[in-house]
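Inspection log for the structure reproduced underneath, given as structure tokens.
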Amino acid sequence: MKKILKIILSLVLVLVLFVIGFVAYLSINEYYPKENEDIKITDKGEKSLKLGDSISLLTFNVGYCSLDKDHDFFMDGGKTVNTESKQNILDNVEGIKNIINRENPDVAFLQEVDKDSKRSYHVDQVKAFSDIYSDDSEAFATNFLCDYIPYPMPTIGKVNGGILTLNKYNATSATRIPLETSYKWPVRVCQLKRCLLVERVPIENSDKELVLINLHLEAYADEESKDIQTKVLADILKEEYKKGNYCIAGGDFNQSFSNVNPDLYPVKNTDYFEAELINEDYFGSDFSFVNDASTPTSRLLNEPYDEQSENTQYYVIDGFLVSSNIKVNSVKTLDEGFAYSDHNPVKMEVTLK
């Protein structure tokens, strides 16, 4: 009996030491992004920009090409951790590429783009989408980098992903600006390190610039953390507008907007993700939120997509922010039926006044 007890205690000790060592390894290798990091712009867009020009933009959270209409996700009340095959990832990549090619925007803001992750079978989605704009500029900012995420089962594993801006204009710089998180150690080690990706495009015959901000704000953290990130975005935009620059921010806000009627897509189960109202007071009267609520921009991943299901939950959390020196000509949420992602893309056309 004593021998068996010693064996059990030895196994427990080995397990404890393994867990401690594993947590120590992840902590030592935790991704610590720089305060403001210059991002390499691959190639240069050929288009120049001047006042009076019209610009088309598309924002699309591609869900690391795994969260298509046939899948759910464990953090939203579903069961799936990782999609079942590499072919599924490749099919979604091609479907999303076809949408971007069809819409042919001057600027594309993409979120949840994987570069080298187990969850997406290590398909380099950054390269795949950048190939669409092979003669133009691409900039990628990492916001999720972890050697191994050990939960749930089967494990998520290695993650390397972020946000990608594709740009037909001649951007002169790209900067990764970090956003605060409320997550503490050790949970923080395996969480996103969210950021803004800021690009600058010179305006001909002017000392002004078009400032483009690709964003993916906090989803599951507390409301205070979301509020802090929103304020950082607002402060940057207001500072640029004071300089006389033209500002467009776009992406997945993970929050709803005051111009969207909440009765359109009511909350059906408060146990799941709820999109709080973004604090628009931070932005003042010089900025406007631009979205199209006639079609939802996102769905809850509590079950595979079923338009007829009473459990299907919709949101309007994707769109744009524009400064008052920009005229909005049109905005439309493209109804893709969540075929390749849990988000629908949103397209906007504007003119620099």
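The values are calculated or read from the model by the stated rules, or taken from the named source; none is laboratory data. These numbers come from a predicted model, not from an experiment. Reconstructed Cβ throughout: ideal geometry from the backbone, glycine too, with neighbour counts over all protein chains shown.
Look at Asn205 and say whether it is assigned by TED's automatic domain parsing to the domain that holds Asp136, surrounded by fewer than 23 Cβ atoms within 10 Å (Cβ to Cβ) and touching a strand residue (DSSP E or B) at 6+ places or on another chain (Cβ under 9 Å). Let's see the steps before the verdict.
Values: assigned by TED's automatic domain parsing to the domain that holds Asp136: yes; surrounded by fewer than 23 Cβ atoms within 10 Å (Cβ to Cβ): yes; touching a strand residue (DSSP E or B) at 6+ places or on another chain (Cβ under 9 Å): no.
In short, no.
In the set Asn254, Asn245, Asn214, which member is modelled with pLDDT of 95 or more and more than 21 Å from the chain's Cα centre (by Cα)? Before the answer, list the steps.
On the way: Asn254 fails: more than 21 Å from the chain's Cα centre (by Cα); Asn214 fails: more than 21 Å from the chain's Cα centre (by Cα).
Unique residue meeting the criteria: Asn245.
Name the residues in segment 122-147 that are out of contact with any helix residue (DSSP H, G or I) (no Cβ under 7 Å at 6 or more places or on another chain) and under 16 Å from Lys193 (Cβ atoms), would you?
Across segment 122-147, the qualifying residues are Ala141, Thr142, Asn143, Phe144, Leu145.
If we scan segment 142-164, do we find a residue that is farther than 27 Å from Val81 by Cα and either touching a residue at least 60 places away in the same chain (Cβ under 8 Å) or among the polar types (S, T, N, Q) (or both)?
Applying the first criterion (farther than 27 Å from Val81 by Cα) to segment 142-164 yields none.
No, that holds for no residue.
Inspect all residues belonging to segment 46-57 and state whether any of them is buried (at least 21 other Cβ atoms within 10 Å of the Cβ), touching a Gly at 6+ places or on another chain (Cβ under 8 Å) and in contact (Cβ under 8 Å) with a residue 60 or more places away in the chain.
Yes.
Any chance segment 31-42 includes a residue that's under 19 Å from the mean Cα position of the chain (by Cα), closer than 30 Å to Thr297 by Cα, assigned to a helix (DSSP H, G or I) and modelled with pLDDT of 80 or more?
Taking every residue of segment 31-42 in turn, none turns out to be under 19 Å from the mean Cα position of the chain (by Cα), closer than 30 Å to Thr297 by Cα, assigned to a helix (DSSP H, G or I) and modelled with pLDDT of 80 or more.
Yes or no: Tyr151 buried (at least 16 other Cβ atoms within 10 Å of the Cβ) and not aliphatic (A, V, I, L, M)?
On the way: buried (at least 16 other Cβ atoms within 10 Å of the Cβ): no; not aliphatic (A, V, I, L, M): yes.
Judged against the criteria, Tyr151 is not a match.
Any residue at all in segment 123-142 that is farther than 30 Å from Ser48 by Cα and modelled with pLDDT of 95 or more?
First pass over segment 123-142, keeping only residues farther than 30 Å from Ser48 by Cα: 123.
Restricting the remaining residues to those that are modelled with pLDDT of 95 or more gives 123.
Scanning segment 123-142 turns up at least one residue that is farther than 30 Å from Ser48 by Cα and modelled with pLDDT of 95 or more.
Do you know which of the residues in segment 244-292 that are surrounded by fewer than 19 Cβ atoms within 10 Å (Cβ to Cβ) and among the aliphatic types (A, V, I, L, M) is farthest from Ser54 (Cα to Cα)?
Among those residues, the one meeting the criterion is Val267.
Go through segment 199-237 residue by residue and tally those that are more than 29 Å from Phe273 (Cβ to Cβ) and among the charged types (D, E, K, R). So that I can check it myself, show each step before the final result.
Initially, segment 199-237 is screened for residues more than 29 Å from Phe273 (Cβ to Cβ), giving 199-211.
Right, trim to among the charged types (D, E, K, R) and you get 199-200, 204, 207-209.
Adding up the residues that qualify gives 6.
State yes or no: is Tyr272 more than 15 Å from the chain's Cα centre (by Cα), touching a residue at least 60 places away in the same chain (Cβ under 8 Å) and in a helix (DSSP H, G or I)?
On the way: more than 15 Å from the chain's Cα centre (by Cα): yes; touching a residue at least 60 places away in the same chain (Cβ under 8 Å): yes; in a helix (DSSP H, G or I): no.
The answer is no for Tyr272.
Being among the basic types (Lys, Arg) and closer than 14 Å to Leu237 by Cα is the filter here, so list the residues in segment 186-207 that pass it.
So in segment 186-207, the residues among the basic types (Lys, Arg) come out as 188, 193-194, 200.
Matches in segment 186-207: Arg200 only.
Mind checking which residues of segment 84-130 are buried (at least 24 other Cβ atoms within 10 Å of the Cβ), among the small types (Gly, Ala, Ser) and more than 18 Å from Asp318 (Cβ to Cβ)?
Once the filter is applied, which keeps residues that are buried (at least 24 other Cβ atoms within 10 Å of the Cβ), among the small types (Gly, Ala, Ser) and more than 18 Å from Asp318 (Cβ to Cβ), segment 84-130 yields Ser117, Ser120.
Restricting attention to segment 165-190, report how many residues are outside any strand (DSSP E or B) and in contact (Cβ under 8 Å) with a residue 12 or more places away in the chain.
Just the residues of segment 165-190 that are outside any strand (DSSP E or B), to begin with: 168, 170-172, 179-190.
Filter again for in contact (Cβ under 8 Å) with a residue 12 or more places away in the chain, leaving 168, 170-172, 179-183, 185-186, 188-190.
Total satisfying the criteria: 14.
For segment 220-243, which residues satisfy the criterion of being in contact (Cβ under 8 Å) with a residue 60 or more places away in the chain and either farther than 27 Å from Glu349 by Cα or assigned to a loop (DSSP other than H, G, I, E, B) (or both)?
Tyr220
If you take the residues of segment 147-170 that are aromatic (Phe, Trp, Tyr) and more than 30 Å from Lys47 (Cβ to Cβ), which of them is modelled with the highest pLDDT?
Residues of segment 147-170 that are aromatic (Phe, Trp, Tyr), as a first pass: 148, 151, 169.
With more than 30 Å from Lys47 (Cβ to Cβ) added as a condition, the list becomes 148, 151.
Values: Tyr148: 91, Tyr151: 85.
Looking at residues that are aromatic (Phe, Trp, Tyr) and more than 30 Å from Lys47 (Cβ to Cβ), I get Tyr148.
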